[in-house]
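**Student:** Please see the structure below; I have some questions.
Each reported figure results from applying straightforward, stated rules to the coordinates on display, with no laboratory input. Given the structure is predicted, the values throughout are model-derived calculations rather than measurements. Cβ sites come from the backbone with ideal geometry, for glycine too, and all protein chains shown count toward neighbours.
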Amino acid sequence: MGRWSTLGLPRFRFEKGIQALGAGLHAYLQPDGSWGWSNAGLVVDGDESLLVDTLFDLRLTREMLAAMRRVEPKATRRIGQLVNTHANGDHCFGNALVEGAEIIASTATAAEMAHLPAAVLAGLSAGLGSQDSALGRFVKRAFGPFAFDEVGETKLPTRTFEGSLSLRVGDRAVELFEVGPAHTRGDLIVHVPDARCVFTGDIVFCEGTPIVWEGPVSRWIAACDRILALEPELVVPGHGPITDRRGVEAMRAYFDWLSGEARARFDAGLDALAAARDIPLGEFSDWSDPERIVVNVDTLYREFGAAQAEADTLRLLQGMSDYARR
């Protein structure tokens, strides 16, 4: 077993559905935490509530909201505030079902959401996912379970901010901190000080390999440091089981390690794909979705000054497919 293979807190089961965190906080978990199987959160005080993220399609979001209404019927009769931690669809495609809520995100996330509609993933899933090839099977495994064609237009944020924003849910304070660009252009974290809890969005993948769509990696490391400085007792990751500061420390350690491994191969003249294949995963070999190292090394190479200025999504999907097949 790898060093970081038991990061979930034993008092919380990693199974689908609501987990009560105490003090009016809840997490909604979706095993196995792989592609698209994201987590969400609920903050309650009295009859007021704040939802952290929706899910990848309407069916899943509807199921989640029904579960939340069962455990917090008064507070979720009308959810007043919805925070999207970033622009990836598995954290916002269900926004339309949270009727009447003020939708809050960073300015960068709102702009990115407008350019990442569900129709793009619907086309990708129906097109590449239907092909009888390694790439087709990879795309089908990652995106096939989700009904993107039912999502329609993503409901965009109605309130945006840069830097930080303080909110109230009843009498309790909730703090939003923009920590992107990292995973995406405008990642934010949600801090509930009185509960010493942080909902991290995809800044933390617990027991899963992260994916650096945007970068820089140094900014992701700084985001981990920002979370650790809050001294949380509970950390709800964007994917994977509920953890504590150990999950954040593991994420930081992954990027420290990978940055050094990738730099050594960049300096030796290997291209990004060859470097990704050459790096032994070592203590991180137990983490899910190891193929994401292809994207992460590609992003690091661009930070190091590689000639390719922008990510080529199709090339990266093919690279991940090949890596997963190997």
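**Student:** Please specify each residue of the range 77-103 satisfying the condition of being surrounded by fewer than 23 Cβ atoms within 10 Å (Cβ to Cβ) and farther than 12 Å from residue 155 by Cβ.
**Tutor:** 77, 78, 80, 81
**Student:** Check the range 218-228 and report whether any residue there is among the hydroxyl-bearing types (Ser, Thr, Tyr) and closer than 22 Å to residue 260 by Cα.
**Tutor:** Just the residues of the range 218-228 that are among the hydroxyl-bearing types (Ser, Thr, Tyr), to begin with: 218.
Subset that is closer than 22 Å to residue 260 by Cα: 218.
Yes.
**Student:** Tally time: how many residues in the range 1-32 are in contact (Cβ under 8 Å) with a residue 12 or more places away in the chain, within 25 Å of residue 194 (Cβ to Cβ) and over 20 Å from the mean Cα position of the chain (by Cα)?
**Tutor:** The total comes to 4.
**Student:** Let me ask another. Being crowded, with 23+ Cβ neighbours inside 10 Å and among the aliphatic types (A, V, I, L, M) is the filter here; which residues of the range 182-209 pass it?
**Tutor:** If the condition is that a residue be crowded, with 23+ Cβ neighbours inside 10 Å and among the aliphatic types (A, V, I, L, M), then 182, 188, 189, 190, 192, 198, 203, 204 are the ones that fit.
**Student:** In contact with a Lys or Arg (Cβ under 8 Å, 6 or more places away or on another chain) and over 18 Å from residue 246 (Cβ atoms): is that true of residue 193 in this structure?
**Tutor:** Taking the combined requirement at face value, the residue does not satisfy it.
**Student:** Just for the range 15-58: of the residues that are over 25 Å from residue 156 (Cβ atoms) and acidic (Asp, Glu), which one is surrounded by the most Cβ atoms within 10 Å (Cβ to Cβ)?
**Tutor:** Only one residue tops the list, namely 45.
**Student:** Please find, within the range 134-159, the residue that is nearest to residue 324 (Cα to Cα) out of those that are free of Cβ contacts under 8 Å to residues at least 40 places away in the same chain and within 20 Å of the chain's Cα centre (by Cα).
**Tutor:** It comes out as 140.
**Student:** Additional query: Among 212, 235, which is surrounded by 20 or more Cβ atoms within 10 Å (Cβ to Cβ), within 24 Å of residue 311 (Cα to Cα) and not hydroxyl-bearing (Ser, Thr, Tyr)?
**Tutor:** 212
**Student:** Test each condition in (1) surrounded by fewer than 24 Cβ atoms within 10 Å (Cβ to Cβ); (2) of a type outside the set (Val, Ile, Thr); (3) in contact with a Ser or Thr (Cβ under 8 Å, 6 or more places away or on another chain) for residue 249 and report the one that comes out false.
**Tutor:** Only one criterion is unmet by residue 249, namely (3).
**Student:** Go through the residues of the range 181-194 one by one and say whether even a single one is under 25 Å from residue 322 (Cα atoms), of a type outside the set (Gly, Ala, Ser) and in contact (Cβ under 8 Å) with a residue 12 or more places away in the chain.
**Tutor:** Yes, the conditions are met somewhere in the range 181-194.
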